[in-house]
Amino acid sequence: MKDPRWPASEEALAHARHFLTELKGHRVVVAPHPGVDGLAAAVLAIRALQAVGARVTARVPGKGEHAFSPVFQERLRAAPPDALVVLEMLAPWDDSRVPSAAPTLVVAPRAEAATAPGSMVLSARDLEPAVNCSLLTYALVSPQVVPGPLEWLAVLGTVAAQGVDAPIPFLKDALRRAGRTAVTESVALLNAARRSSRFAAPQALEVLLRAGSATDITRGNVPGVDTLHDCRLEVQREVLRCSKTPPRIASPVALLLFSSEAQVHPQVAVRWAQRLPEHLIIAANAGYLPGRVDFAVRSHVPMDLDALPPNTRGGSLSREEFLRFAARLGFKGLRDIDVERRGAFPG
């Protein structure tokens with residue numbers, strides 16, 4: 001039997017809807033996670049805010065940022081909105097440490113409840129089947145918009161977050177209505193936008209705002225799709241290049257060190273996990289963000305390593321922190337030169 005709270009309790013949805021309806025005539029910024037799920041949720045939120053008469057704009061946090069990053073919050077304070085709607089925080093949100101520039105609604109399936117004055121969190125924590133951000137946002141805004149023409153956005157985000165076989169009760173029929181091939185192809189194009197070195201997530205959001213279906217994207221019926229194709233080609237090229245990196249082995253860990261301004265470390269880790277199925281793979285990218293090493297962790301076998309945070313799939317560390325982290329895993333003797341940013345050159 002379906003949990004009556006799924007995808008959120010009626011009480012929680014009602015409170016969040018009240019937050020939105022109170023924004024008539026107010027200046028509202030929508031700040032999504034740059035992944036497909038977050039961007040699809042952003043379009044749904046924008047349509048609902050427009051329907052209630054808010055003056056809404058979207059701002060996608062920059063490369064390596066999120067909506068509560070100090071730099072992003074500082075940009076908001078330069079021209080503060082009356083309210084902020086944040087979509088798809090990947091980690092639990094600690095609002096005591098990251099105060100917002102304005103009253104804030106956070107739609108975040110895995111977040112804890114809000115405690116800061118003027119803030120609200122709509123969560124689906126611990127519910128089964130798992131709820132992603134665009135699905136939760138679709139449930140939130142459906143009374144304020146005509147839901148049928150926007151269903152494809154919830155489908156798009158759900159497929160991006162959970163795959164075409166996610167155990168969502170209505171997904172199979174909704175995916176058929178949206179067009180399975182068009183949805184999966186659109187997800188690949190839109191994902192490439194944020195992974196590319198140019199970080200074209202804002203352009204991907206513009207494409208979604210212009211499109212009326214996934215087919216509009218795959219057929220190039222709206223401006224901006226050419227940019228997505230360019231991003232996809234670049235990401236494919238960088239994955240191939242960086243996957244040629246020879247691994248360093250400190251059994252049971254295999255470490256791949258390379259430098260790319262594209263976010264390709266997750267794909268490289270997946271490839272090497274297939275090649276070295278008995279190892280835990282750490283694909284470490286010294287070129288994605290200046291002064292930092294961003295890494296992805298993948299493995300086909302369960303491993304209990306004290307040096308890794310529980311259930312980690314990756315992270316971002318300063319170069320000094322990463323060298324200490326690598327040393328704890330058995331990779332002693334790595335130097336600053338090993339984690340220097342090298343632009344387009346192989347690591």
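The table below lists the values:
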{"read-out": "Accessible surface of the chain, 1.4 Å probe, proportion on carbon and sulfur as whole %", "value": "53"}
{"read-out": "Exposure of residue 341 as accessible area (Å², to 10), given a probe of 1.4 Å and all protein chains", "value": "100"}
{"read-out": "Computed label-point distance, nm, for sites residue 229 and residue 27 using a 7 Å Cα→Cβ extension", "value": "3.9"}
{"read-out": "Accessible area expressed per residue, the chain, with surrounding protein chains retained (probe 1.4 Å, Å²)", "value": "46"}
{"read-out": "Which label in (1) -0.46, -0.57, -0.69; (2) -0.65, -0.78, -0.91; (3) -0.51, -0.64, -0.77 gives the computed log10 I(q)/I(0) by the Debye sum over Cα atoms at q = 0.09, 0.10, 0.11 Å⁻¹", "value": "(3)"}
{"read-out": "Two-decimal Rg to Rh for region 150-242 - Kirkwood Rh, Cα set", "value": "0.99"}
{"read-out": "Compactness relative to 2.2 N^0.38 Å, alpha carbon Rg of region 107-164", "value": "1.22"}
{"read-out": "Computed E for residue 328/residue 126 - FRET, C-beta separation, R0 30 angstrom, nearest 0.05", "value": "0.40"}
{"read-out": "Largest-first ordering by accessible area, 1.4 Å probe, given options 251, 196", "value": "251, 196"}
{"read-out": "The chain: relative contact order as a whole-number percent, Cα under 8 Å and 6+ apart", "value": "12"}
{"read-out": "Protein-only accessible surface order, largest first, of 195, 335 at 1.4 Å", "value": "335, 195"}
{"read-out": "Between helix 36-51 and the chain: long-axis angle, C-alpha atoms, 0 to 90°, nearest 10", "value": "20"}
{"read-out": "Percent of Cα pairs exceeding the 22 Å cut-off, where the set is region 216-305", "value": "37"}
{"read-out": "Area accessible to solvent at residue 337, 1.4 Å probe radius, in Å²", "value": "80"}
{"read-out": "Nearest-10 value in Å² for the accessible area of residue 60, using the 1.4 Å probe", "value": "20"}
{"read-out": "Region 275-324 and region 201-268: distance between their alpha carbon centers, rounded to Å", "value": "19"}
{"read-out": "DSSP bridge pairs, the chain: antiparallel proportion in percent, nearest 5", "value": "40"}
{"read-out": "As computed over region 267-347, the Cα convex hull volume per residue (Å³)", "value": "98"}
{"read-out": "Relative contact order [Cα under 8 Å, 6+ residues apart], region 155-263, whole percent", "value": "25"}
{"read-out": "C-alpha center-to-center spacing [region 32-68, region 1-28] in angstrom", "value": "16"}
{"read-out": "Region 191-252: relative contact order as a whole-number percent, Cα under 8 Å and 6+ apart", "value": "35"}
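The values are calculated or read from the model by the stated rules, or taken from the named source; none is laboratory data. Quick caveat: nothing in here was measured; it's all calculated off a predicted structure. Glycine also receives a Cβ, built like all others from the backbone with ideal geometry; neighbour counts cover every protein chain displayed. Accessible surface areas use protein heavy atoms only, side chains included; no ligands, DNA or RNA. Shrake-Rupley method; radii C 1.70, N 1.55, O 1.52, S 1.80 Å.
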